[in-house]
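What follows is a set of notes on a single structure, which appears directly below.
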Amino acid sequence: MTETTSSETDHAGGKRLLSYLGAHMREYGLLIALIAIMLCFQIVTDGTLLRPVNITNLFLQNSYIIIMALGMLIVIVGGNIDLSVGSVMGFVGALAAVMIVEWNVPVSVTVLTCLFAGIVIGAAQGYWVAYWNIPSFIVTLAGMLVFRGASLWLLEGQSVGPFPQSFQMLSTGFVADLIPPLGDAISAVTGDKRVNGLAMLVGLVSVGTIIWSGLRVRAQNKAYGIEDEPTSFFVARNVIVAGAILFLVYKLSTFRGLPNVLITMGVLTLIYAFITERTTLGRRIYALGGNRKAAKLSGIATERLTFFTFVNMGFLAALAGLIFAARLNTATPKAGFALELDVIAAVFIGGASMSGGVGKIVGAVVGAFIMGVMNNGMSIMGIGIDYQQVIKGLVLLAAVIFDVYNKQKQG
Amino acid sequence: MTTLLEMREISKTFPGVRALDNVTFSVEDGEIHALVGENGAGKSTLMKVLSGIYPQGEYGGEIIFDGATMAFSGISDSERHGIIIIHQELALVPLLSIAENLFLGNECATNGVISWRETFQRTEGLLRKVGLREAPQTLVDKLGVGKQQLVEIAKALSKEVRLLILDEPTAALSESDSQALLDLILELKAQGVTSIIISHKLNEVRRVADTITVLRDGATVATHNARTEKVTEDRIVRDMVGRSIENRYPERDRHAGEMLLEVENWTVTHPEHADRLSVRDVSFNVRAGEVVGIAGLMGAGRTELAMSLFGQSYGRNATGTVRVRGETVDISTVGRAIKAGLAYVTEDRKALGLILDETIHKNITLANLAEVSRRGVLNSHAETRVAEKYRQAMNIRTPSVFQRVVNLSGGNQQKVVLSKWLFAGPEVLILDEPTRGIDVGAKLEIYNIINDLSRQGKGVVMISSEMPELLGLCDRIYVMNEGALVGELAAKDASQERIMSLIVTE
Ligand SMILES: Nc1ncnc2c1ncn2[C@@H]1O[C@H](COP(=O)(O)OP(=O)(O)OP(=O)(O)O)[C@@H](O)[C@H]1O
Ligand SMILES: [Mg+2]
């Protein structure tokens, strides 16, 4: 090959990278934004943000938002919205408190009952939306008021607590270290006082799985001639993601190991990512939000599907309510107040579209972390709640403007 | 005559597609200029460049209008110069009145206070001009597509129009509405309005056009002066597709097999008016290997009949029996209708047929996800394979099946809808205006697909407003009027006159 042709192909390659970046700006942008925000706060908080104890805290603080964001993403992709989740979460926490503390119901029975209550609440709201075509905004606005009132009534305006140890474990518990030798081996190298072996193992395994499955998809895409991420991007993205995971896990392992909620959250995220991306159920939800009439004429049971998205949301809101109550170790009438807004904001920051049919689970989770890190970082810095709200609002607006701008540029 | 518009060496690229490649196009003052070409040839794109929808900087080349070089920054900019485009898809606000739509964004107002008297007066004048007898207060969604099209033209006339661009104005219109519209364009020409008309109906093009420009694959291949030379349809077709098409309606062996679909006494109530019947006591049948046509005017109830059969997607209180292969089937939901072996290709592909923001491959598999999944888990490679297969079989013009459907040209979108329903593997396929907005070559492809289905022993029900198409393709033709069947003709006895007389004598 002569000089000129090789530089021409270089040029074409550079152009391809740019156009690829342009087309996928959204996904990379989100990841870059999260990392940039974390680095920023890491610097201005003098390293407090990424201390092991604070990382643990970050997960504990945001777990319930992330769990609800999973359900909210599905509701929003399906073309609806749920404003009631904050109230439902508070109500379920109150129900748990009353059952355990005042009626002495066993914890396991309480947990099951509360989850079931969430499902029933979701079904009650979904019924009107799905089968009566009442706008979800209105139905769930009503639900928000109803369940806010209901938790006040249940708790008689008081805080109820504390919970027994076994219930608190839902949120504040940690997974026991099952393989101390690995931790000991690592601590021998790093010189830490202690390292949780299980946490490190989970971290290593998940990094391995992410890279392996990424490579597998690439190989398959190549075989089918699908346009793929340029190699340099693939490598860079995986290095960043793997580095971040290993870093976080290492930090966690030098503290108390893996929090129970982190496991719950991780497993749920995987399940929902799988459902939305790989199953017919997920595909149908995207179709429903993309064009309801066309979906219906394709044989999709749109009513039942809409109903399901709300039932699912109710279930996840109940789970979040239990975790929240367990974390505070008390149920208060104000629990979950205005939290629906954080959840919805997380989903939109994560790239979902108001009109439905667009959005990803991973996006919603990253969106929730962006909100969470900002909350946490700003609190450490001692920024007042007033400014916090203003900044969060602006970030939401900026993210959505970025989205729309990107879409327009692509035509 | 002077040249009103000259577009020089226009190029426009989308990711992966070179839609326009150095197109040169010029329009004389006061003429009707037809722009024809296959689906995806770049006609709409060229007009979007002209009207500033793709502004200066997004395309290459030069636009000279009325002697001056133009650099439009947007559609309002080109409108100021009198270039008005009426899109392939109508853009009226359904719940506003005719008058409100006409002056939307251009209200007869002083200091923001609308003068309704003036609005109505001017509306009446404009409606008279386009020959539409409706009150200015009538809501647009109460009008049929034909009348809506006239409102669009009246709206164009309300501005100072020098050059009127009509992108497939008659695609959704009935025969008589189309004629009225073409007459109107001729009349406007007499008043000095220059028009560019895009159409796949070559007989209409021949009727009104002074000049015909043919685009193929994003380039101008021919310009004919229809006043000085006699341009035959065959000639245009040859330019469009690069070869001549011998037989517009391909032959097939006609033999009807066993009974596939029987509909008896099918009656459906209007969804809003409980006392109105949209479909009255309709009985018809389709045998294996048969292509059965349903003729009728717009609003005859053909779409209503088809959609009510397909999972009661239209209307209320459907009564009657439906049998597939002799057995009564439950078709009360779309899912059940599909399971019973029916498929319905809608006439309104954008609103009812496609998920525009999704990719081609996701649209094609949507009605038959079971086939590309196991226990509810999708096999993305099976999906890609299926989509590729249909892309080739249907000749869908796109760089890849991962393109979003919204980026396809109208005709190629139609092929995606058809692919979706072929993949669902029905026994009886109901096609509602399947060749609307489709070029001659693609029409032939669709006719061939219909013949293939018939050869495989499937039944096809074809609803079409183009009678030559029904006559060329069908074994039997049912004629429908005001929700009821008014006659049935065997192919050899049928003619346009007989069909029309059945409709009229009713
Ligand atoms: N926004 C877009 N993004 C990507 N490709 C596009 C876009 N718009 C048009 N195209 C492509 O450009 C080509 C020309 O499309 P265009 O709509 O101009 O065709 P057309 O001649 O009007 O066809 P039809 O008769 O089917 O309406 C097609 O291949 C189409 O897929
Ligand atoms: Mg077009």
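Here, each number is a calculation from the coordinates, and none is a lab measurement. Just so you know, these numbers come straight off a predicted model, no measurement behind them. No Cβ is skipped: glycine too gets one built from the backbone with ideal geometry, and neighbour counts run over all protein chains shown.
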Original post:
Given the C-alpha centroids of the stretch B:242-290 and the stretch A:121-177, what is the distance between them in whole angstrom?
Top reply: 53
Original post:
If you build a Gaussian network model of chain A, linking Cα atoms that sit under 10 Å apart, which residue out of A:Gly321, A:Gly183, A:Gly93 swings the most?
Top reply: A:Gly183
Original post:
Rg and Dmax of chain A, Cα atoms, in Å?
Top reply: 22.8, 84
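Across peptide B:332-340, how many C-beta atoms of other chains are within 10 Å of each residue C-beta, on average? Walk me through the numbers before you get to the answer.
Numbers: counts 0, 4, 8, 5, 1, 2, 3, 1, 0.
For peptide B:332-340, the averaged partner shielding equals 3.
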Subject >> Mean projected area (nm²) of the alpha-carbon convex hull when the stretch B:3-241 is viewed from all directions >> reply: 13.4
Original post:
Taking chain A as a Gaussian network, where each spring joins two C-alpha atoms under 10 Å apart, which residue of A:Thr279, A:Thr140, A:Thr332 fluctuates the most?
Top reply: A:Thr279
**OP:** Could you let me know the centre-to-centre spacing of the stretch B:434-506 and the stretch A:67-119, using Cα atoms, in angstrom?
**Re:** 57
**OP:** Given the peptides B:99-106, A:387-394, A:156-163, arrange them by the average over their residues of other C-beta atoms within 10 Å, most packed first.
**Re:** B:99-106, A:156-163, A:387-394
**OP:** Would you list the P(r) distribution for the stretch B:40-79, with all Cα-Cα distances sorted into 5 Å bins from 0 and each bin expressed as a whole %?
**Re:** 6, 26, 34, 23, 8, 2, 0
Original post:
Relative contact order (percent) for chain A, with alpha-carbon contacts under 8 angstrom and 6 or more residues of separation?
Top reply: 34
**OP:** Between the alpha-carbon centers of the stretch B:79-153 and the stretch A:258-287, tell me the distance in whole angstrom.
**Re:** 50
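What Kirkwood radius, in Å to one decimal, follows from the Cα pairs of the protein assembly as shown? Provide the component values of the computation, followed by the final result.
Working: mean 1/r = 0.0319 Å⁻¹.
Kirkwood hydrodynamic radius for the protein assembly as shown: 31.4 Å.
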Subject >> Under 9 Å, Cβ to Cβ, from B:Asp475 - net charge with Lys/Arg +1 and Asp/Glu -1 >> reply: +2
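Output the peptides A:77-84, B:17-24 sorted from most to least packed, where packing is the average of other Cβ atoms within 10 Å over each peptide's residues. Can you show the working numbers first?
Values: A:77-84: 26.0, B:17-24: 19.5.
Going by the mean number of other Cβ atoms within 10 Å, highest first, we get A:77-84, B:17-24.
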Original post:
For the stretch B:163-281, rounded, prolate or oblate, judged on the Cα gyration tensor with a ≥ b ≥ c (square roots of eigenvalues), a/c < 1.5 rounded, else prolate if a/b > b/c?
Top reply: oblate
Subject >> Neighbour net charge for B:Glu264 - beta-carbon separation under 10 angstrom, K R +1, D E -1 >> reply: -1
**OP:** Could you work out, residue by residue across A:295-306, how many beta carbons of other chains sit within 10 Å of that residue's beta carbon, and then give the average as an integer?
**Re:** 6
**OP:** Can you check what the Kirkwood hydrodynamic radius comes to for the stretch B:355-424, Cα pairs only, in Å to one decimal?
**Re:** 11.8
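What Kirkwood hydrodynamic radius, in Å, does the stretch A:114-247 give when the mean of 1/r is taken over all pairs of distinct Cα atoms and then inverted?
This gives a value of 20.8 Å.
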**OP:** Output the relative contact order of chain B, whole-number percent, from Cα pairs under 8 angstrom with separation of 6+ residues.
**Re:** 15
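Let me check I've understood the local charge: for A:Ala287, count other residues with C-beta under 10 angstrom from its C-beta, Lys and Arg +1, Asp and Glu -1. What total comes out? Display every interim value, and only then the final one.
Values: positive: A:Arg283, A:Arg284, A:Arg292, A:Lys296, B:Lys362; negative: B:Glu358.
Taking every Cβ under 10 Å from that of A:Ala287, the sum is +4.
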**OP:** Arrange B:Leu354, B:Leu164, A:Leu316 by Cβ neighbour counts within 10 Å, fewest through most, would you?
**Re:** B:Leu164, B:Leu354, A:Leu316
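Can you pull the percent of Cα pairs in the stretch B:298-357 with separation above 12 Å? Mind showing how you got there, number by number?
On the way: 1228 of 1770 pairs.
Cα-Cα pairs in the stretch B:298-357 separated by more than 12 Å: 69 percent.
Out of all DSSP beta bridges with both ends in the protein assembly as shown, state the antiparallel percent to the nearest 5. It would help to have the intermediate numbers written out before the result.
Working: 52 of 87 bridges.
Just about 60 percent of them are antiparallel.
Using Cβ contacts closer than 10 Å as the measure, can you line up B:His33, B:His81, A:His24 from fewest to most? Could the numbers behind the result be given before it?
On the way: B:His33 25, B:His81 17, A:His24 13.
Ranked by crowding around the Cβ, least crowded first: A:His24, B:His81, B:His33.
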**OP:** Take each complete run of DSSP H in chain B, measure how far its Cα atoms stretch along the helix's own axis, and keep only those covering 15 Å or more with mean Kyte-Doolittle hydropathy at least -0.5; list them.
**Re:** B:145-158, B:175-190, B:410-423, B:440-455
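Quantify how strongly other chains surround peptide A:267-278 by giving the mean number of their Cβ atoms within 10 Å of each of its Cβ atoms.
On the way: counts 0, 0, 0, 0, 0, 0, 0, 1, 2, 0, 2, 6.
Neighbouring Cβ atoms belonging to other protein chains average 1 per residue here.
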Original post:
Which order, highest average first, do B:485-495, B:421-431 follow once you tally other Cβ atoms within 10 Å for each residue and take the mean per peptide?
Top reply: B:421-431, B:485-495
Original post:
From the backbone phi of the stretch A:386-397, what are the Karplus-calculated ³J(HN,Hα) couplings (6.51 cos²θ - 1.76 cosθ + 1.60, θ = phi - 60°) in whole Hz, Gly and Pro given as x?
Top reply: 4, 5, 3, 4, 4, 5, 4, x, 5, 4, 4, 4
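Kindly put A:Phe167, B:Phe120 in sequence by how many other C-beta atoms sit within 10 Å of each C-beta, fewest to most.
B:Phe120, A:Phe167
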Original post:
Hey, what does the equivalent ellipsoid look like for chain B, semi-axes from the Cα gyration tensor as sqrt of 5 times each eigenvalue, largest first, whole Å?
Top reply: 39, 28, 23
Subject >> the stretch B:228-283: Rg to Rh, with Rh as the Kirkwood radius over Cα pairs >> reply: 1.36
Subject >> GNM flexibility winner over chain A from A:Asn238, A:Asn62, A:Asn376 (Cα, springs under 10 Å) >> reply: A:Asn238
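Cα-Cα over 23 Å: which of A:Lys296/B:Lys389; A:Lys222/B:Lys350; B:Lys155/B:Lys443; A:Lys251/A:Lys334; B:Lys339/B:Lys362?
With Cα atoms farther than 23 Å apart: A:Lys296/B:Lys389; A:Lys222/B:Lys350; B:Lys155/B:Lys443; A:Lys251/A:Lys334.
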